[in-house]
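The values are calculated or read from the model by the stated rules, or taken from the named source; none is laboratory data. Note that the structure is predicted; figures quoted are calculated from it, not measured. Neighbour counts run over all protein chains shown; Cβ positions are idealised from the backbone, glycine included.
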Amino acid sequence: MKKVLFATTALIATAGVAAADVTISGYGRFGLDYNNANANTGVNKWGYAATGASKTNLTSRLRLNFDMSTETDAGVTLGAQFRVQADSDNGEAGTGGWNGARFYASYGGFELGVGNIYGAIEWAPLVYLDTRSSGVGITGMNDAHAVINVNAENGAGGGEYYNWDYYSSTGSGANGVEVMYSAGGFSGHLSYSEQNDEVIGDPAVLVEEGTRRTAAFVSYNWSNWIVTLAAQDSNQEWEDKLFFAIQGDFGQYWAKAAIADNDGIKKYGLYGGMDFGAASSLVLWVNHEDKVSSSDVANGRYNNDRAVNADGTAGTAYGVNYSYDLGGGASFEAGAQRLPNKQTQVQAGVYFSF
Amino acid sequence: MKKVLFATTALIATAGVAAADVTISGYGRFGLDYNNANANTGVNKWGYAATGASKTNLTSRLRLNFDMSTETDAGVTLGAQFRVQADSDNGEAGTGGWNGARFYASYGGFELGVGNIYGAIEWAPLVYLDTRSSGVGITGMNDAHAVINVNAENGAGGGEYYNWDYYSSTGSGANGVEVMYSAGGFSGHLSYSEQNDEVIGDPAVLVEEGTRRTAAFVSYNWSNWIVTLAAQDSNQEWEDKLFFAIQGDFGQYWAKAAIADNDGIKKYGLYGGMDFGAASSLVLWVNHEDKVSSSDVANGRYNNDRAVNADGTAGTAYGVNYSYDLGGGASFEAGAQRLPNKQTQVQAGVYFSF
Amino acid sequence: MKKVLFATTALIATAGVAAADVTISGYGRFGLDYNNANANTGVNKWGYAATGASKTNLTSRLRLNFDMSTETDAGVTLGAQFRVQADSDNGEAGTGGWNGARFYASYGGFELGVGNIYGAIEWAPLVYLDTRSSGVGITGMNDAHAVINVNAENGAGGGEYYNWDYYSSTGSGANGVEVMYSAGGFSGHLSYSEQNDEVIGDPAVLVEEGTRRTAAFVSYNWSNWIVTLAAQDSNQEWEDKLFFAIQGDFGQYWAKAAIADNDGIKKYGLYGGMDFGAASSLVLWVNHEDKVSSSDVANGRYNNDRAVNADGTAGTAYGVNYSYDLGGGASFEAGAQRLPNKQTQVQAGVYFSF
């Protein structure tokens, strides 16, 4: 069998007028996931029907990024990002699938994105953790640390999560457009997406207006500090968002505070981390989700599910992640997380990049 | 993240007895598409139920070609072509998917193809335009310029389009076999495909005979001229075809005339183009589709839809494309097209190859 | 179009601390397949409803393997295997699709595998033939030569085939875990997989226990001999297996004997081959599947289908394969096979690796 080794050291051909290139990169991860929300039979701890999945499962992901680009005579870079990913979670093995492509034109600090866009909320600095999984453990555990993910709605860990435009790894994404700009310590991002209306009948009558989201962030970093302000306006319920966060880095320590208003539901978070020993780092987080206001429930501002579970989902959540750098782009990761409804997850395993 | 840059300059290893290789190439395109056939709600301009898509949408495609081949000791090249493509059109974002593979054995000017074949009609010189999209604009607008695409059947831009074997970018293709030969100015191509019959019941009774198509072309080019004669014989209705075209190139100008008989429906086209300025080129086309004959309608040779819309779909269509070379394998493309039923499309955007 | 040639000669970059790499390899194959089990209409030779497929069809496959790995500072290799494959058989053309990924950590002769595992039965030496297809012809013809594939159950070539964990080329595979070890002439392998239970209702009641398989092999080779002992224990009916085989290589000749107990059904096989001429090799095999015992049928140990067809599926099968090396990683392959129920297949075509 032929072996073509693509080196980590760039293999650059300088001849020729064109500079088109394709790069393949990505990561693999695998480990064990304990989740007390799973139950083989009967009901789980909240009384919901069991899914047949064991509490402890193998979890894994393989991600390949294909990046294609060229540069015009005027110095504009035209390119695209494409991804294939295979996930196995909760005992369900998955096959790989391509996502939708993101296209871009960039020049200096400016970039225009089209298609499966990054999204300004998703891309806002300080939304995610600076860990291998962007959250804790191997999978990131749904990024429950993020103050723009809301538990309200149902008690099984669902809630209003990821209700913004983001670069979809396995789907087509938002089919939007975005502009990004950075200069010195400043970075800004404005994104817009629009889905087709859903219509039925002849003549076709509007059943549901397609999702329309406008989002933006501005961020500034100076010496050891970074601040971010982000917002989203959507024509869908529960999706309006306002986010603010600040982080400081102090040698081997860092700390972050974040707050968000999620269409009326406030959420606050505190985060901190440290590097220690030869290759270890630790991250801790705690956040609090406010109850849905009784007036909102009374006037129908929230649906039944949300109201019923408001008490169970509001409250304090916390998590921890430990990482050990194995060298060669690999690391050992372990993490745990507990949600207000007492859902507990513990994960450990390895990541490797290529 | 590791960056592996694949250069445009070939990276050729000459050592070793085997010469197997894999190449990755392709293109990206994105832009805006205006289509007056779309309507958000109610009915569109022909009274058909709206689809919920706006008249103006983002349009994009990413295409990656994987080409694999090796050479036997006797000098025969054995290879395969494989493609993954993601399209977004009419406000519907799509994910990527692999097509079916085409396999080939080639020696000198001769090539045997198997599987997702090119098809002799599809591959006949002068069928398509020599533009970035093969038609006009960003998407090619369904290649309405081609005299082997027929509008008859329905008024919404459907019709009998692409009813021949072609290398499918997103499907499995024809599962056929083909032989191609070229020598000097001559090129010829013969293709055959056969699908399984559809049967039901026990014992299984024939419901529909699988599509069986035989197609061929011969083409010759000398000094500044090229002529092509192509034909298809099919066991399916509406698919028999006869195509003839001639093109002349005169410095910065070129002109083409084409005619086809599509199972009784005649279609004629005139095409011309010119290069101008530093990097610009322009293409213009006009074609005419004859009405379905009244005797054909009377004796049931055409189905109702076809008869009803015969007037609306027959007539003159025209289009224009403007291209500006941006360098580095990229170009700006803009185009417009109007069909006999007054469907109008206008598109502009960029292409980049890698 | 840019051409990036990946050479067969390894392109190794030695600089940099990390050694992460991606390799692409694979093979293509295409040819003709004659199968007397097919019938266009009516019933096939066993009275089963025809499928609409002709007796003779094009058959083809394109397989691409993506192999990613890196090495930690401690010398442990972390990697993943990923595959995309497109198959066309029995007149049905297929598109490509990714499988599930296999992850591994290896150190010296030891390897831990996770996800779409190889499986210890699948990986046991001497289970498959050392031919291009692992069986005979172009497709391998379902590896009917293997004594762990059982014809009993139905007469149309179905039976209990491949009822063990294996690296799935088109599906997600077993989501298991395995350890492999080799040192000197010894190799051993232990694999385990567990699927989620199937439950329905609220509270969820167990409908079917998820498949749980444990398999192992030990193998030893010395001078010109190799022996293998393998076994599988499963919680599903018909899946318990015990396999033993021995092979000797004598210059241009080799011979193998294999025996298996497949949950009560015994199967024996004899295999032999020789190289001759400049580039030719021949493989012959014969095996025998015992009848299901009448007591097993009587006490309901086997279901009706299995009992009814027990006579038709038990008995002797044989096959032959001829291979001619074309150089450059390509070969011509031809093979034939006859099952106890008189299903006959004949195939010829080419393979090429890249």
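Remarks
- Of all residues in segment B:262-272, those satisfying the criterion of being free of Cβ contacts under 8 Å to residues at least 40 places away in the same chain and on the phi < 0 side of the Ramachandran plot are B:Lys266, B:Leu270, B:Gly272.
- Test set (1) touching a Lys or Arg at 6+ places or on another chain (Cβ under 6 Å); (2) facing chain C (nearest Cβ under 9 Å); (3) closer than 28 Å to A:Val350 by Cα; (4) at pLDDT below 95 - A:Ala20 fails condition number: (3)
- Number of positions in segment C:58-112 that are of a type in the set (Gly, Ala, Ser), crowded, with 20+ Cβ neighbours inside 10 Å and farther than 20 Å from C:Gly26 by Cα: 1
- Index of the failed condition, A:Thr77 passing every other in (1) in contact with a Pro (Cβ under 6 Å, 6 or more places away or on another chain); (2) more than 12 Å from chain C (Cβ to nearest Cβ): (1)
- Some residue of segment B:165-184 being free of Cβ contacts under 8 Å to residues at least 24 places away in the same chain and farther than 30 Å from C:Asn90 by Cβ: yes
- Considering B:Thr214, B:Thr228, the condition of being at pLDDT 95 or above and over 19 Å from B:Ala174 (Cα atoms) is satisfied by B:Thr228 alone.
- Residue selection: B:Ser193 satisfies the criterion of being buried (at least 19 other Cβ atoms within 10 Å of the Cβ), within 14 Å of chain C (Cβ to nearest Cβ) and at pLDDT 95 or above.
- Looking only at segment A:32-69, residues that are among the polar types (S, T, N, Q) and out of contact with any Ser or Thr (no Cβ under 7 Å at 6 or more places or on another chain) come to 7 in all.
- Looking across segment A:171-181, the residues that are at pLDDT 95 or above and part of a loop (DSSP other than H, G, I, E, B) come down to A:Gly171, A:Ser172, A:Gly173.
- Those residues of segment B:227-239 which are within 26 Å of B:Gln195 (Cβ to Cβ) and crowded, with 17+ Cβ neighbours inside 10 Å, in sequence order: B:Ala230, B:Ala231, B:Gln232, B:Ser234, B:Trp238, B:Glu239
- Any chance B:Leu32 is closer than 30 Å to C:Val350 by Cα, more than 11 Å from chain C (Cβ to nearest Cβ) and either crowded, with 22+ Cβ neighbours inside 10 Å or not hydroxyl-bearing (Ser, Thr, Tyr) (or both): no
- Tabulated pairs, segment A:42-64, first within 19 Å of C:Ala174 (Cα to Cα) and free of Cβ contacts under 8 Å to residues at least 24 places away in the same chain, second among the hydroxyl-bearing types (Ser, Thr, Tyr) and part of a strand (DSSP E or B), C-beta under 7 angstrom, 6+ apart or interchain: A:Lys55/A:Tyr34
- Screening segment C:40-135 for strands (runs of 3 or more DSSP E) wholly inside it with 2 or more residues that are basic (Lys, Arg) returns the ranges C:56-71.
- Cβ-Cβ distances below 9 Å connect the following pairs, each with a first residue in segment C:91-113 that is more than 7 Å from every other protein chain (Cβ to nearest Cβ) and over 19 Å from C:Asp73 (Cβ atoms), a second residue that is assigned to a loop (DSSP other than H, G, I, E, B) and β-branched (Val, Ile, Thr), and a separation of six or more residues or different chains: C:Arg102/C:Ile117.
- Here B:Val199 meets each of (1) more than 17 Å from the chain's Cα centre (by Cα); (2) surrounded by 19 or more Cβ atoms within 10 Å (Cβ to Cβ); (3) under 28 Å from B:Tyr27 (Cβ atoms) with one exception, condition (3).
- Scan of segment A:260-292 for residues that are of a type in the set (A, V, I, L, M, F, W, C) and closer than 17 Å to A:Ala144 by Cβ, ordered by number: A:Ala260, A:Ile265, A:Leu270, A:Val283, A:Leu284, A:Trp285, A:Val286
- Exclusive hit being surrounded by fewer than 19 Cβ atoms within 10 Å (Cβ to Cβ), more than 18 Å from A:His189 (Cα to Cα) and in contact (Cβ under 8 Å) with a residue 12 or more places away in the chain, set A:Ile246, A:Ile259: A:Ile259
- Check on B:Leu326, in contact with a strand residue (DSSP E or B) (Cβ under 7 Å, 6 or more places away or on another chain), modelled with pLDDT of 95 or more, surrounded by fewer than 18 Cβ atoms within 10 Å (Cβ to Cβ) and not in a helix (DSSP H, G or I): no
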